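Peer 1: Input: one structure, supplied below.
The values are calculated or read from the model by the stated rules, or taken from the named source; none is laboratory data. Small disclaimer: the values here were computed from a predicted structure and weren't measured. Counting neighbours? That spans all protein chains shown, and the Cβs are built from the backbone with ideal geometry, glycine included.
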Amino acid sequence: MSMNWWGVVVSFGFVFAVLGIAQVLLQAKLVTAAVSRKLVHIGVAHWWFFAMYFFDRWEFAIIAPIAFVLINLASYLFRLLPAMEHEVRSKNLGTVYFPVSLLILVLLGWVGPLPPWIAGLGILVLGYGDGLAALVGEHFAQRTFRIFGNTKSYLGTAVMFVASAAVVVVFVLLFGSQPAAGWLVAAALATAAVATAVELLTPFGIDNLTVPVLASLFFYAVFA
């Protein structure tokens, strides 16, 4: 079996493993529904590393994202996967937007102009930045503000910025050239600022689409 087919098998195995672990933790009441959802959010973002290792053909790389658009839509409609569902039903479409953003970034990275690692940078910014921001903001933040009808916390916003910058640093050091320290700091801070601003300003709960795609495109346009 080719590496591409192995990649498809590993993709489904990995994502279902993340969902299964989150579901077990939720049923054991070790985490709340909000925490399990964000653990899935963060965990599934790491699928990109498997994609970069296994896939050299985009036709195989898009199989799992397309499948999980359909699976997550079915879960939204029929509440099949409690570990990744939002308590407020109208917000659940974020779980559908997540694999849609994966699909867009796969096409940008395997067919479009972006190197795959730059395309992946955006999805890990979403996973860690938005995921940790929500976890910290919901459980520890005291000072909040409202923007476009959504309640945000100052602490969560700061966590989003720091986590996004850290992802950029790690990706550049792992996959990019060896940059000057000043360039790396500028790239990390600028990309984190854009990702954080996009998360704050995106209406209608579609930040799972806008944050990863725009973060990757910004980094590519300015720093690649």
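Peer 1: Please name all residue pairs, on different chains or six or more residues apart, with Cβ atoms under 8 Å, provided the first residue is in the stretch 174-197 and is of a type in the set (G, A, S) and the second residue is outside any helix (DSSP H, G or I) and surrounded by 14 or more Cβ atoms within 10 Å (Cβ to Cβ).
Peer 2: So the pair list comes out as A187/P179.
Peer 1: Right, something else. If we keep just the residues of the stretch 22-42 that are out of contact with any helix residue (DSSP H, G or I) (no Cβ under 7 Å at 6 or more places or on another chain) and in a helix (DSSP H, G or I), which is nearest to P115 (Cα to Cα)?
Peer 2: That would be V24.
Peer 1: While we're on this one: Given the criteria within 20 Å of F175 (Cβ to Cβ), exposed (fewer than 14 other Cβ atoms within 10 Å of the Cβ) and among the hydrophobic types (A, V, I, L, M, F, W, C), does V10 qualify?
Peer 2: No.
Peer 1: Would you mind telling me which numbered condition in (1) surrounded by fewer than 20 Cβ atoms within 10 Å (Cβ to Cβ); (2) at pLDDT below 95; (3) part of a helix (DSSP H, G or I) T95 fails?
Peer 2: Failed condition: (1).
Peer 1: Oh, and also: Name the single residue, out of those in the stretch 29-61 being farther than 15 Å from A134 by Cβ and either at pLDDT below 95 or of a type in the set (S, T, N, Q) (or both), that is surrounded by the fewest Cβ atoms within 10 Å (Cβ to Cβ).
Peer 2: For the stretch 29-61, the residue satisfying everything is K29.
Peer 1: Tell me which of these V31 doesn't satisfy, since it passes every other one: (1) over 19 Å from A67 (Cβ atoms); (2) in contact with a Leu (Cβ under 8 Å, 6 or more places away or on another chain); (3) touching a residue at least 40 places away in the same chain (Cβ under 8 Å).
Peer 2: So the condition that V31 fails would be (3).
Peer 1: Taking the stretch 62-80 as the region of interest, how many residues are buried (at least 19 other Cβ atoms within 10 Å of the Cβ) and modelled with pLDDT under 90?
Peer 2: Final tally of qualifying residues: 2.
Peer 1: Can L114 be described as in contact (Cβ under 8 Å) with a residue 40 or more places away in the chain, surrounded by 15 or more Cβ atoms within 10 Å (Cβ to Cβ) and not in a helix (DSSP H, G or I)?
Peer 2: Taking the combined requirement at face value, the residue satisfies it.
Peer 1: May I pose another question? Criterion first (surrounded by fewer than 17 Cβ atoms within 10 Å (Cβ to Cβ) and farther than 16 Å from L107 by Cα) does M84 satisfy it?
Peer 2: Considered against the rule, which asks whether it is surrounded by fewer than 17 Cβ atoms within 10 Å (Cβ to Cβ) and farther than 16 Å from L107 by Cα, M84 comes out as no.
Peer 1: Just name the residue that is nearest to the chain's Cα centre (by Cα) out of those in the stretch 18-28 that are over 16 Å from N72 (Cβ atoms) and loosely packed, with under 15 Cβ neighbours inside 10 Å.
Peer 2: Only one residue fits best here, namely V24.
Peer 1: Considering (1) free of Cβ contacts under 8 Å to residues at least 40 places away in the same chain; (2) surrounded by fewer than 17 Cβ atoms within 10 Å (Cβ to Cβ); (3) in contact with a Phe, Trp or Tyr (Cβ under 8 Å, 6 or more places away or on another chain), say which one W5 fails and leave the rest.
Peer 2: (1)
Peer 1: Considering the stretch 204-224 alone, what residues qualify as being of a type in the set (A, V, I, L, M) and either touching a residue at least 60 places away in the same chain (Cβ under 8 Å) or crowded, with 19+ Cβ neighbours inside 10 Å (or both)?
Peer 2: I206, L209, V211, V213, L214, A215, L217, A224
Peer 1: Oh, and also: Can you tell me which of A180, A195 is closer than 23 Å to L103 by Cα and of a type in the set (G, A, S)?
Peer 2: Exactly one of A180, A195 is closer than 23 Å to L103 by Cα and of a type in the set (G, A, S), namely A195.
Peer 1: Then there is this: Please specify each residue of the stretch 201-224 satisfying the condition of being closer than 26 Å to V40 by Cα, among the aliphatic types (A, V, I, L, M) and in contact with a helix residue (DSSP H, G or I) (Cβ under 7 Å, 6 or more places away or on another chain).
Peer 2: If the condition is that a residue be closer than 26 Å to V40 by Cα, among the aliphatic types (A, V, I, L, M) and in contact with a helix residue (DSSP H, G or I) (Cβ under 7 Å, 6 or more places away or on another chain), then I206, L209, V211, V213, L214, A215 are the ones that fit.
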